[in-house]
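Have a look at the structure that comes next, please.
The values are calculated or read from the model by the stated rules, or taken from the named source; none is laboratory data. Since this is a predicted model, take the numbers as computed values, not measurements. Please note: Cβ atoms are built from the backbone with ideal geometry, for glycine as well, and neighbour counts cover all protein chains shown. Heavy atoms of the whole protein, side chains included, go into the accessibility calculation; ligands, DNA and RNA do not. Shrake-Rupley method; radii C 1.70, N 1.55, O 1.52, S 1.80 Å.
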Amino acid sequence: MRKRIPIIAGNWKMHLTAAEAVQLVDGIHYGLPFPGDVDVIVAPPFLSLPGMANHLRESYIGIAAQNLHFEDQGAFTGECSGKQVKDAGADYVIVGHSERRQYFAETDEIINKKIKASYRNSLVPILCIGETLEERERGEVSAIIGRQLAVGLLDVPGPEAARLIIAYEPVWAIGTGKTALPGQVEDVHRLIRVSLALKYGGLVADAVRILYGGSVKPSNSKELLTLPNVDGALVGGASLKAPDFIEIIKSTG
Ligand code: 13P
């Protein structure tokens, strides 16, 4: 198996003004000028994308959008397309975050269209999947993960899938302080890897980076990031504090 470069991505959600965003990334840079063998990504709100892209031009920090519309243009008031997100300077885009699924009624079918729009616009999608607490208690984890992957990646060919990033985020662990146990995380990550291998073959499955998300913080990141099938983290709350985010980045080394 080849070594996958880990990713630490910060999902800022609906936080930070443009000035606060600059302060945060400067804090990361001055606190950690040489991150080592890890891809570091931040996902600011749409409005901060061009400013951040400009500010981080010479930086090791990559930029993700938090969402995109599945059409490239049109009468969709209030939305941003993949084309616009790419133009604003993003190279990655978070697709299908559970908050989008829960509060904005995103279905796996919509998410599949967004995945295709990402590739069409040369954006690397970070596909978020994960079960709710009720689904876990009903013993439905593999069925849910299987469906989210099957529908989310419908008609996505192997060479594109090889560039994909997946984030496993159990909904019950997001913003709750409740982190999934290492055994639970590794089980689902292995399940995702096996599902990808069945669909695309071992080489593609091996290339895809699978991140864990849900209450990742400096005190638990080392334990999670050293699991065999965990290739990084998608961090919410702790990504808003430079010292915490830096500690999490360092724990990949
Ligand atoms: P928290 O790290 O705040 O639990 O959020 C996780 C998340 O949703 C990242 O996308």
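Please determine whether any residue of the stretch 178-186 is within 15 Å of the chain's Cα centre (by Cα), surrounded by fewer than 23 Cβ atoms within 10 Å (Cβ to Cβ) and away from the ligand (no atom under 11 Å from the Cβ).
For the stretch 178-186, residues within 15 Å of the chain's Cα centre (by Cα), surrounded by fewer than 23 Cβ atoms within 10 Å (Cβ to Cβ) and away from the ligand (no atom under 11 Å from the Cβ): absent.
Before we move on, is Arg190 in contact (Cβ under 8 Å) with a residue 40 or more places away in the chain, open to solvent by 10 Å² or more (accessible area, probe 1.4 Å), under 26 Å from Pro157 (Cα atoms) and more than 11 Å from the ligand (Cβ to nearest atom)?
Considered against the rule, which asks whether it is in contact (Cβ under 8 Å) with a residue 40 or more places away in the chain, open to solvent by 10 Å² or more (accessible area, probe 1.4 Å), under 26 Å from Pro157 (Cα atoms) and more than 11 Å from the ligand (Cβ to nearest atom), Arg190 comes out as no.
Look at Arg209 and say whether it is among the basic types (Lys, Arg), surrounded by 15 or more Cβ atoms within 10 Å (Cβ to Cβ), touching a residue at least 60 places away in the same chain (Cβ under 8 Å) and more than 14 Å from the ligand (Cβ to nearest atom).
It is true that Arg209 is among the basic types (Lys, Arg), surrounded by 15 or more Cβ atoms within 10 Å (Cβ to Cβ), touching a residue at least 60 places away in the same chain (Cβ under 8 Å) and more than 14 Å from the ligand (Cβ to nearest atom).
Okay, residues lined up against (1) in contact with a Leu (Cβ under 7 Å, 6 or more places away or on another chain); (2) more than 16 Å from the ligand (Cβ to nearest atom):
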{"site": "Arg120", "(1), (2)": "no, yes"}
{"site": "Leu123", "(1), (2)": "no, yes"}
{"site": "Ile129", "(1), (2)": "yes, no"}
{"site": "Ala162", "(1), (2)": "no, yes"}
{"site": "Ala167", "(1), (2)": "yes, no"}
{"site": "Ile174", "(1), (2)": "no, no"}
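Looking at the stretch 78-94, can you tell me whether even one residue there is open to solvent by 60 Å² or more (accessible area, probe 1.4 Å), farther than 14 Å from Lys13 by Cα and touching a His at 6+ places or on another chain (Cβ under 6 Å)?
Looking for residues that are open to solvent by 60 Å² or more (accessible area, probe 1.4 Å), farther than 14 Å from Lys13 by Cα and touching a His at 6+ places or on another chain (Cβ under 6 Å), one finds at least one in the stretch 78-94, hence yes.
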